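The values are calculated or read from the model by the stated rules, or taken from the named source; none is laboratory data. Not measured: the values here are computed from a predicted model. Reconstructed Cβ throughout: ideal geometry from the backbone, glycine too, with neighbour counts over all protein chains shown.
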Amino acid sequence: MTGNLGTRILIVGCPGSGKSTLARKLGERSGLALIHLDNIWWKPDRTHVSREEFDQALKAILRTDGWIIDGNYRRTYEMRIAACTGVIFMDLPEQQCLRGITERIGQARPDIPWTEDSLDPELVAMVRDYRRAVRPLLLSLLAAHPDRRTVILTSRAEADAWLESTGNSFRVFPADTARDSP
């Protein structure tokens, strides 16, 4: 188990909210497979695979036992929420998310197959539209799945504090390994 979220965890939220950073930290602590959806969708030349290829890859991942999936792709929310044991929703204000996408320009990142060299106007539009168009859908889907353990974090500092407060509960141990008491 990883904390109270189980071993199939979604991390969702607005672009620039810190999903990938939290996913990476959680992956290091838990030992679960870390999946960045942008690396499945996008190719290094900034083209993307077909929806069919993406869906096939995602469905194969969802059939496995343990993972952390970072990313939005709202048309796949329903299938991912149905397959997960827990959700972390990075629900940060628009300005923090805009700052997040601006600060990562020029930074190599493991969650996307290229380095952004400028601010993408499409990404800015996605951030600006998120609270109106995407957030209500996500909240509705989470409400429709009350059996999914959900953590809603409203700042990066809150995300760090939450992760620290979980201590060793995010360690994944093989079934035949004794777990030391904390």
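Filter segment 26-54 down to the residues that are outside any strand (DSSP E or B) and more than 23 Å from residue 123 (Cβ to Cβ), then identify the one that is farthest from the chain's Cα centre (by Cα). Walk me through it before giving the result.
Of the residues in segment 26-54, the ones outside any strand (DSSP E or B) are 26-32, 37-41, 43-47, 49-54.
Checking the rest, the ones that are also more than 23 Å from residue 123 (Cβ to Cβ) come to 26-32, 52.
On the way: 26: 10, 27: 11, 28: 14, 29: 15, 30: 15, 31: 16, 32: 13, 52: 21 Å.
Taking the candidates together, the pick is 52.
Run residue 16 past the list (1) assigned to a helix (DSSP H, G or I); (2) in contact with a Gly (Cβ under 8 Å, 6 or more places away or on another chain); (3) under 23 Å from residue 150 (Cβ atoms) and report the number of the one that doesn't hold.
Single failed check for residue 16: (1).
Which numbered condition in (1) at pLDDT below 95; (2) outside any loop (DSSP other than H, G, I, E, B); (3) within 19 Å of residue 38 (Cα to Cα) is the only one that residue 161 fails?
The single condition residue 161 does not satisfy is (3).
Report yes if residue 150 is in contact with a Leu (Cβ under 9 Å, 6 or more places away or on another chain), of a type in the set (Ser, Thr, Tyr) and either modelled with pLDDT of 90 or more or loosely packed, with under 15 Cβ neighbours inside 10 Å (or both), otherwise no.
Values: in contact with a Leu (Cβ under 9 Å, 6 or more places away or on another chain): yes; of a type in the set (Ser, Thr, Tyr): yes; either modelled with pLDDT of 90 or more or loosely packed, with under 15 Cβ neighbours inside 10 Å (or both): yes.
Yes; evaluated as a whole, the condition is true for this residue.
May I ask you to verify whether residue 22 is assigned to a helix (DSSP H, G or I), out of contact with any Phe, Trp or Tyr (no Cβ under 6 Å at 6 or more places or on another chain), crowded, with 18+ Cβ neighbours inside 10 Å and not polar (S, T, N, Q)?
So residue 22 passes the test.
Given the criterion within 18 Å of the chain's Cα centre (by Cα), of a type in the set (D, E, K, R) and exposed (fewer than 15 other Cβ atoms within 10 Å of the Cβ), identify the matching residue among 75, 135, 109. Before the answer, list the steps.
Values: 135 fails: exposed (fewer than 15 other Cβ atoms within 10 Å of the Cβ); 109 fails: exposed (fewer than 15 other Cβ atoms within 10 Å of the Cβ).
Exactly one of 75, 135, 109 is within 18 Å of the chain's Cα centre (by Cα), of a type in the set (D, E, K, R) and exposed (fewer than 15 other Cβ atoms within 10 Å of the Cβ), namely 75.
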